[in-house]
1. Taking the mean number of other Cβ atoms within 10 Å as a proxy for protection, how do you rank 32-38, 44-50 from highest to lowest?
2. Quick one: Karplus J couplings for the range 42-52, per residue in order, coefficients 6.51, -1.76, 1.60, θ = phi - 60°, nearest Hz, x for Gly and Pro?
Amino acid sequence: MWKIAVALLVSAGMGLAGCTAAGAVAGGVAGHELSHGSTAGTVGGAVVGGVVGHELGK
């Protein structure tokens, strides 16, 4: 159930925040889930998501 709440928050954040911040949030959530809660996976996902969001926002 909490995954649905996180997905809704991420979608709302994408509409309200800049592409870089929204990408970092989405990447952090994805990294956290894919690495089963690893700190390195979460931070790495946030970095990659932020870069992708920045490039898409240009």
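None of the figures in this text is laboratory data; all of them are computed from the coordinates on show. Remember, predicted model here, so these are calculated numbers, not experimental data. FYI the Cβ positions are ideal-geometry reconstructions off the backbone, even for glycines, and counts take in every protein chain you see.
1. Working: 32-38: 12.6, 44-50: 18.9.
Going from most to least packed, we get 44-50, 32-38.
2. Using θ = phi - 60°, the values come out as 5, 5, x, x, 5, 5, 4, x, x, 5, 5 Hz.
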